[in-house]
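Here the structure is laid out as structure tokens; the discussion comes afterwards.
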Amino acid sequence: MELKAVKILYPAACVVLALAITSSFLAASFLPAQAKSGKDVFEARCAGCHALDRDKEGPRLAGVYGRTAASVPSFQYSDALAKSKIMWDEETLDKWLTDPEKLVPDNDMSFRVPNSEERREIIEFLKQQSTR
């Protein structure tokens, strides 16, 4: 009787164990993308050159949403961006982060964010920071 129970339970236990391991790996592979907030993406993709509250290699970005491009007095912008008269909103920020050179030729920012979900998270984060 014991041998028969082992023959039945062992394969079932192996299947349960395999499913548990597989689901753990799948959950772990999807979790980082879901768990990343706009702040996380901003810090990973933008904070090397930008801060919210101070100029760095790029201008401060607090209040950028709804602001005219090249309007932080303490920062030296490219002539091209200063002449652009762009108002930063979801559409213009998305175009800028996708390809700054295409939106404003001869600007000083060469960095791109090719992932549309990351751009959306960054823009939403900047929008939230602009309403504070």
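Brief remarks on what is shown
- Estimated at the nearest 10 Å², the accessible area of residue 95 is 100 Å² with a 1.4 Å probe.
- For region 69-111, fraction of C-alpha pairs farther apart than 12 Å, in %: 57 percent
- Semi-axes of the equivalent ellipsoid for region 84-132, Cα gyration tensor, largest first, Å: 19, 14, 8
- Annotation: amide H-H contacts under 5 Å for residue 63 (H modelled 1.01 Å from N, sequence separation of 5 or more, or interchain): 130.
The values are calculated or read from the model by the stated rules, or taken from the named source; none is laboratory data. All values derive from a computational prediction rather than experimental measurement. The protein model used for the area step is the full one, side chains on, heavy atoms only, and it has no ligands, DNA or RNA in it. Shrake-Rupley method; radii C 1.70, N 1.55, O 1.52, S 1.80 Å.
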